[in-house]
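Right, one structure below, let's go through it.
The values are calculated or read from the model by the stated rules, or taken from the named source; none is laboratory data. If you're wondering where the values come from, they're calculated on a predicted model, not measured in any experiment. Ideal geometry is used to build each Cβ from the backbone, glycine not excepted, and the neighbour counts take in all protein chains shown.
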Amino acid sequence: MIVPRSSRHVGARRPATAALAALALLALPSAAGAADAPPRIQAPAAIAVEVTTGDVVFARRADETRPIASTTKLMTALLVLESGPTDRQMPIPAYSGSAAESLANLHAGDRMTVSDVLTGMLLPSGNDAAVALARFVGGSVPRFVERMNDRARQLKLKARFRNPIGLDAAGHRASPADLVKLTLLLRRYPEFRRIVDRRSARLTSASPPITVVNRNRLVQSVPWVDGVKTGHTRKAGYALVGSGRRGGVSVITVVLGDPSEDARDADSLALLRYAIGRYHRILALREGAVVARLPLRYRDEQVQIVAASDVRRVARRDERVTTRVVGLPSDVEGPLAAGTRLGTIEVVQRGRVVARVPAITRTAVAQATVWQRADDELGRPIIQFLLVLAALCAGALAWLLRRSRRTHGAADGVVS
């Protein structure tokens, strides 16, 4: 349930009006050519990845590990979503955190849905929610942390975890590239995408219900930003895994170690705009587009071969996406219904076939008549040659017969 932004919510912060105004200005479309220059950001470690192609559009120390604060909760969320349905009921244990910790303010002793507790972890970054999920899924926090590290090794991440929350701890680190990989996996879950794109949510399985607000100010203020997770500790600085979609292009960004919340948001938005601006979604193949014309056997006609469906692709703005037709016959003989597949259209991007579409007849092809077949046969060069040869032979035979008659006639005259 989406609730009004003006209400008081657990985990809510009132961002400065000036900061929101600055973000709104940054979110406006850039001037032509501005996307060509990489942005100047303050974050010491960052990455931007275009989702469809997997291209790394920007990287700064993207493979170096460092403290990641509450972006740790992305791994916690992955293990929770992999563990089973989110409509399960789970107990809420007591949690005593420090005054500086972010909490969802869950009620100890409640039974809530996994979905609501997951929302309480991801939107207000509730440490109490993270610990409750870790105990429910792992049996205990230490065992859950073991599973976090096992999963990191399975995914070939450099990340190492010491807690499910992201509190500063020796050896608790990950790289920007690690966080992109986790986000790509999490995006496969529709529920995760819905949660992190919310401005706020009401946890109705709590008693009484709790309303929580997304700490991600970009989701609050920029319509095309749709996630993902904020973080901040003294050692980690300010961190943000961001995502956005505009014009059919999706991008994931990570900034770690920013000096302030404003710098973090500005860096993330600059990277999102830069990466999205370098790509566009194109119509590589249009349904009904004529890709070939094939002659009809036994008649002087052609049938058009067309694409059976559209193909849209995300490509760099300086990139060509081409098509080629394979498997077509040299000619066509009816009867054929409209839409009969005769070959395949391959869409080629970066030297690789990325899509295949049936190449079909645009119209029906009737069976050739006997006269069309005969006319076609008579029009063939070999038939014409044989006809000429037959005519020559007939002429020669007629000449020989006339000559034979003359010869016999002359002989008869001599005898008489």
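Brief remarks follow.
- Considering the range 286-303, the residues that are within 23 Å of Arg352 (Cα to Cα) and free of Cβ contacts under 8 Å to residues at least 60 places away in the same chain include one that is surrounded by the most Cβ atoms within 10 Å (Cβ to Cβ), namely Ala289.
- Residues of the range 121-147 that turn out to be in contact with a strand residue (DSSP E or B) (Cβ under 9 Å, 6 or more places away or on another chain) and not in a helix (DSSP H, G or I), as a count: 4
- Residue in the range 68-78 that is surrounded by fewer than 21 Cβ atoms within 10 Å (Cβ to Cβ) and touching a Pro at 6+ places or on another chain (Cβ under 9 Å) present: no
- For the range 103-151, the tally of residues that are buried (at least 23 other Cβ atoms within 10 Å of the Cβ), more than 19 Å from Ser207 (Cβ to Cβ) and touching a Gly at 6+ places or on another chain (Cβ under 6 Å) stands at 2.
- Within the range 304-416, strands (runs of 3 or more DSSP E) holding 2 or more residues that are of a type in the set (A, V, I, L, M), surrounded by fewer than 11 Cβ atoms within 10 Å (Cβ to Cβ) and modelled with pLDDT of 95 or more: none
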